[in-house]
Amino acid sequence: MSSALDAAPAQLGVARRRENFPLAFLCPPSVRAGRLAVYGYCRLVDDLGDELAGDRLAALDAAESELRAALRGAATHPVFVALQPVFAAGMPVEPFLRLIDANRFDQRVASYASWEEVDAYCALSAAPVGEMVLRLEGLATDARLALSASVCAGLQLANHWQDLREDAVRGRCYVPLPVLSRHGVTVAGLAAGQAPGGFVPMLAECLAEARGRLRAGWPLAASLRGRMRAEIAGFAAHGAAACDAVERAGESGLRVRPSARARGRAAAVFTALRAVVVPGPLPRRLA
């Protein structure tokens with residue numbers, strides 16, 4: 001095992017980044033092990049790219065080596081050993097590689113010139129997770145993967161708007177440069193917790209982009225049944241609640257990370273449960 005990857009758990013400690021609506025516990029046993037294996041992989045790779053104190057690119061290279069070893073049934077790191085049955089069952093490796101590439105991208109790229117560039121990043125960082133879940137369930141089609149990518153991008157953007165200051169402190173910003181410039185906002189200002197007069201209008205534009213992607217992906221729920229329909233509806237509703245939290249927080253979101261209130265979380269759960277019977281209308285703030 002590469003020393004770069006072997007040392008990662010000790011450097012990362014036990015702290016985990018905030019999660020959005022994890023639902024593996026709802027899965028039947030036949031699916032749960034694969035879901036948890038995928039979840040463990042996604043968490044490890046994202047933490048290597050965001051939290052590791054050492055050489056992140058070396059650790060990501062080591063992760064790719066272990067991933068390819070898992071394809072051969074020869075992995076040694078426990079996260080990748082857990083993936084071996086997933087690959088043996090026919091899961092393609094490509095979405096797993098894209099997630100590693102997204103975290104490599106984060107080491108090299110700190111800003112984006114357009115929403116199209118942000119979407120291309122989300123295709124690496126967010127869409128693979130939805131693809132993995134659909135493939136685990138045997139539900140992946142071209143149409144569903146496209147809708148899933150939209151939902152995942154909306155969730156990713158909502159998370160970025162919750163973490164505007166945290167990302168800026170890391171030297172990153174996912175708000176396109178022309179949008180920042182048009183509203184008189186700078187990355188340095190975000191990192192310092194400063195909200196100029198254009199901050200709230202900028203935030204409104206960013207939230208519209210996140211909500212638009214969630215809205216565009218909503219038909220995915222209707223294309224599914226039972227538990228999976230509920231999960232997708234719940235994910236989208238949770239993303240909508242996160243957007244609402246950012247909107248309510250406004251400038252104060254640069255001091256305290258916005259989080260969906262109990263009411264917003266309960267509404268997301270209700271949306272998920274209702275979808276078991278019928279997909280239902282869009283969450284109110286996405287309509």
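Quick note: the coordinates plus some simple rules give every number you see, no bench work behind them. Please read all numbers here as calculations on a predicted model, not as lab measurements. Ideal geometry is used to build each Cβ from the backbone, glycine not excepted, and the neighbour counts take in all protein chains shown.
Listed values, structure above:
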| read-out | value |
| --- | --- |
| Net charge, Val31 excluded, C-beta distance under 14 Å - Lys, Arg +1, Asp, Glu -1 | +2 |
| Which of Leu136, Phe105, Val118, positive extreme of dipole for the chain (C-beta unit charges) | Leu136 |
| Cα→Cβ-extended label distance, 7 Å offset, between Ala74 and Arg257, nm | 3.9 |
| Förster-model FRET efficiency, 35 Å R0, Cys42 and Ser223, C-beta, rounded to 0.05 | 0.90 |
| Potential extension, Ala208-Glu116 segment - 0.36 nm per residue separation minus Cα distance | 31.6 nm |
| Within the chain, helix-based [θ] at 222 nm, where runs of 4 or more DSSP H residues each add -39,500 (n - 2.57), nearest 500 | -20500 deg cm²/dmol |
| Neighbour-count ranking [beta-carbon atoms within 10 angstrom, fewest first] of Cys27, Cys122 | Cys27, Cys122 |
| Relative frequency of Cα-Cα separations exceeding 18 Å in the range 44-112, percent | 38 |
| Dipole of the chain, positive direction: furthest Cα of Ser150, Val185, Ala267, with charges on the beta-carbon | Ala267 |
| Selection from Ala210, Leu44, Ala222, by position along the positive dipole direction of the chain (Cβ) | Ala222 |
| Cut-off 10 Å between beta-carbons: net charge of the residues surrounding Ser125, Lys and Arg +1, Asp and Glu -1 | -2 |
